[in-house]
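Reviewing the structure listed below.
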Amino acid sequence: MMLLTDVVTALGLQVLTSGVGFDREVRGGIVCDLLSIVLAKAQPQDMWITIQRHQNIVAVAKVTSVAGVILADGIVPEQDVIDRASEEGILLLATKESSFVVCGKLFALLSSEEE
Amino acid sequence: MSDMNASLTYEVHAGDIEQGGSASAALKSELRKMGICEEQARRVGIIAFEGEMNLLLYATNGGTLKAEVTPEAIDITVEDDGPGIDDIDLAMRPGYSTAPDWALNLGFGAGMGLVNMKRNSNFFEIHSHTGKGTLIRCRVNRRKNDAAD
Ligand SMILES: Nc1ncnc2c1ncn2[C@@H]1O[C@H](COP(=O)(O)OP(=O)(O)OP(=O)(O)O)[C@@H](O)[C@H]1O
Ligand SMILES: [Mg+2]
């Protein structure tokens with residue numbers, strides 16, 4: 001079973017939120033910057049990879065119950081967005097790598113486990 | 001616990017993007033606290049988020065998001081007093097959007113909001129009159145094995 005903590009370590013992700021646990025299971029991912037598409041497709045054990053940084057990402061992550069949010073391309077949200085995510089128990093992660101590279105790495109990591 | 005009746009109402013202010021999504025996030029938390037299962041709370045949350053954002057983006061004076069919980073179902077009502085929707089069939093079409101540029105930049109405007117509301121509902125209806133407003137009713141059944149269409 002792949003946990004958030006494994007994903008964070010393997011992909012070298014920066015943790016933005018504080019006090020949010022890493023014990024949830026990760027099974028897949030969704031990469032999309034259009035919120036309604038994320039709402040239509042995201043599954044509760046997905047990582048959501050996006051370059052959106054606005055407050056709305058917290059609510060989208062909350063209602064879809066994704067395991068965590070990875071902000072790609074060096075995107076860092078305002079502190080109040082990070083604070084709101086921490087309050088809501090949403091794990092916000094960041095990386096300088098592109099969405100493409102993050103997805104590739106995550107896909108390889110999750111596939112390696114299935115073997 | 002999960003058999004109690006409850007009514008939750010949230011006012012959504014026009015253009016208040018800083019608060020965008022806060023009503024639906026709060027609603028989902030409340031439902032989970034009441035003992036509603038994750039899968040049903042998730043569907044209500046998605047319906048509420050889409051409704052909330054449409055009030056914020058399109059309704060002149062914002063509007064109201066309401067959820068009524070009974071042992072049978074969760075009924076979500078999204079209501080505003082204008083401008084109304086001229087052509088409901090067109091608005092319901094996947095991909096149709098009149099979202100302004102600033103909203104597109106924030107990830108809105110896929111033209112999937114109303115479709116998402118319908119897909120997550122066991123029952124869905126929309127009424128709208130130009131100049132008068134829009135009323136959307138969505139029901140999520142609470143009986144097990146009663147997934148949306
Ligand atoms: N409450 C409303 N009042 C007036 N017009 C509305 C209202 N809700 C939706 N509309 C109209 O219907 C269109 C389609 O709405 P829908 O929620 O499906 O997509 P969207 O908001 O454009 O994009 P998305 O929800 O995918 O971000 C909107 O672009 C808007 O023109
Ligand atoms: Mg919409």
Review point. Out of curiosity, is B:Asn54 polar (S, T, N, Q) and buried (at least 16 other Cβ atoms within 10 Å of the Cβ)?
Key: yes
Check your understanding: at the interface with another protein chain (Cβ under 9 Å from one of its Cβ atoms), at pLDDT 95 or above and under 18 Å from A:Val63 (Cβ atoms), is that true of B:Glu50?
Key -> yes
Practice item. Kindly indicate whether B:Lys118 is in contact with a strand residue (DSSP E or B) (Cβ under 6 Å, 6 or more places away or on another chain), away from chain A (no Cβ under 13 Å) and buried (at least 17 other Cβ atoms within 10 Å of the Cβ). Key: no
**Study point:** Only one of B:Ile74, B:Ile88 that is more than 30 Å from B:Pro100 (Cα to Cα) and away from ligand 2 (no atom under 13 Å from the Cβ)
**Key:** B:Ile74
Revision key, fill the gap. A:Ile82 meets each of (1) under 20 Å from B:Ser29 (Cα atoms); (2) in contact with a helix residue (DSSP H, G or I) (Cβ under 8 Å, 6 or more places away or on another chain); (3) buried (at least 17 other Cβ atoms within 10 Å of the Cβ) with one exception, condition (2)
Check your understanding: Does at least one position in the stretch B:43-51 carry a residue that is more than 6 Å from ligand 1 (Cβ to nearest atom) and acidic (Asp, Glu)?
Key -> no
Check your understanding: Looking at (1) more than 12 Å from the chain's Cα centre (by Cα); (2) more than 7 Å from chain B (Cβ to nearest Cβ); (3) in contact (Cβ under 8 Å) with a residue 24 or more places away in the chain, can you tell me which one A:Lys41 breaks?
Key -> (3)
Review point. Based on what the data block shows, is B:Arg93 facing chain A (nearest Cβ under 9 Å) and without any contact (Cβ under 8 Å) to a residue 40 or more places away in the chain?
Key: no
Review point. For the stretch A:16-34, which residues satisfy the criterion of being of a type outside the set (Ser, Thr, Tyr), surrounded by 14 or more Cβ atoms within 10 Å (Cβ to Cβ) and farther than 12 Å from A:Gln45 by Cα?
Key: A:Leu16, A:Val20, A:Phe22, A:Val31, A:Cys32, A:Asp33, A:Leu34
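The values are calculated or read from the model by the stated rules, or taken from the named source; none is laboratory data. What you see is a predicted model, and the numbers here were worked out from it, not measured in a lab. Neighbour counts are summed over all protein chains in view; Cβ atoms, including those assigned to glycine, are modelled from backbone coordinates with ideal geometry.
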